[in-house]
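Quick notes on the structure that follows.
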Amino acid sequence: MIKVGDKIPPVKLKHMTAEGIKDITTDDLFRGKKVVLFALPGAFTPTCSAKHLPGFVQRAPEIRAKGVDTIACLSVNDAFVMNAWGKDQKVEDKVLMLADGNGDFTRAVGLEMDGSGYGLGQRSRRYAMVVQDGVVKALNVEAPGAFEVSSAEAILKAL
């Protein structure tokens, strides 16, 4: 598992733009920037939709006021689902919705979980990290089934 002080590995993610689905590399996302990245098991799932994403949408101005350039939400879902979920949650430009459809980033940082018992397949664990110029400065990984350390409020304290 990635840890504080580690560099984010080079991986290609997807996101929806006005022109359609586009690639975004981790280098493009993190180089020269302060980024809050939070990840969750799945779009439209209960805790993710009721608490995790909405917290970051609501607290985006406070997080950005701490010098954060980008707030990004990552899930092992495709870009179409992440885009639809972002619209449903009224994310607008507050949070960048990132699709890790094949789980490449999730595996590269060692934060995958097996949700096949719930019919979800391989997914991401719930976590949040602060990344400065590609280096992990804070990493809050949840225990299975928990939602305590990866919230927007917890990240605000870490900033």
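If the condition is being free of Cβ contacts under 8 Å to residues at least 24 places away in the same chain and either buried (at least 16 other Cβ atoms within 10 Å of the Cβ) or part of a strand (DSSP E or B) (or both), then region 41-62 contributes only Thr45. Whenever a residue of region 63-79 is assigned to a loop (DSSP other than H, G, I, E, B), its partners that are basic (Lys, Arg), lying with C-beta atoms within less than 7 angstrom and at least six residues away or across chains, give the pairs Gly67/Lys34; Val68/Lys34; Asp69/Lys33; Asp69/Lys34; Val76/Arg123.
The set of residues from region 130-159 being in contact with a strand residue (DSSP E or B) (Cβ under 7 Å, 6 or more places away or on another chain), among the charged types (D, E, K, R) and either closer than 21 Å to Thr45 by Cα or assigned to a helix (DSSP H, G or I) (or both) comprises just one member, Glu142.
Which one of Lys90, Lys94 is part of a loop (DSSP other than H, G, I, E, B), modelled with pLDDT of 95 or more and under 14 Å from the mean Cα position of the chain (by Cα)? Reasoning before the result, please.
Working: Lys90 fails: under 14 Å from the mean Cα position of the chain (by Cα).
From the options Lys90, Lys94, the qualifying one is Lys94.
Among the conditions (1) under 15 Å from the mean Cα position of the chain (by Cα); (2) surrounded by 15 or more Cβ atoms within 10 Å (Cβ to Cβ); (3) in contact (Cβ under 8 Å) with a residue 40 or more places away in the chain, the only one that Lys12 does not satisfy is (2).
Out of Ala43, Ala65, Ala18, I need the residue that is small (Gly, Ala, Ser) and within 12 Å of the chain's Cα centre (by Cα). Which one? Write out each step before concluding.
Working: Ala65 fails: within 12 Å of the chain's Cα centre (by Cα); Ala18 fails: within 12 Å of the chain's Cα centre (by Cα).
Exactly one residue qualifies, and that residue is Ala43.
Residue under question is Phe38, and the condition is that it be within 30 Å of Gly121 (Cα to Cα), not β-branched (Val, Ile, Thr) and not in a strand (DSSP E or B); does it hold? Against the criterion (within 30 Å of Gly121 (Cα to Cα), not β-branched (Val, Ile, Thr) and not in a strand (DSSP E or B)), Phe38 does not qualify. Is it true that Ile24 is in contact with a His (Cβ under 8 Å, 6 or more places away or on another chain) and not in a helix (DSSP H, G or I)? So Ile24 passes the test.
The values are calculated or read from the model by the stated rules, or taken from the named source; none is laboratory data. In this text the structure is predicted, and so the values were computed from the model without any measurement. A quick note on method: Cβ atoms are made from the backbone with ideal geometry, for glycine too, and the neighbour counts reach across all protein chains shown.
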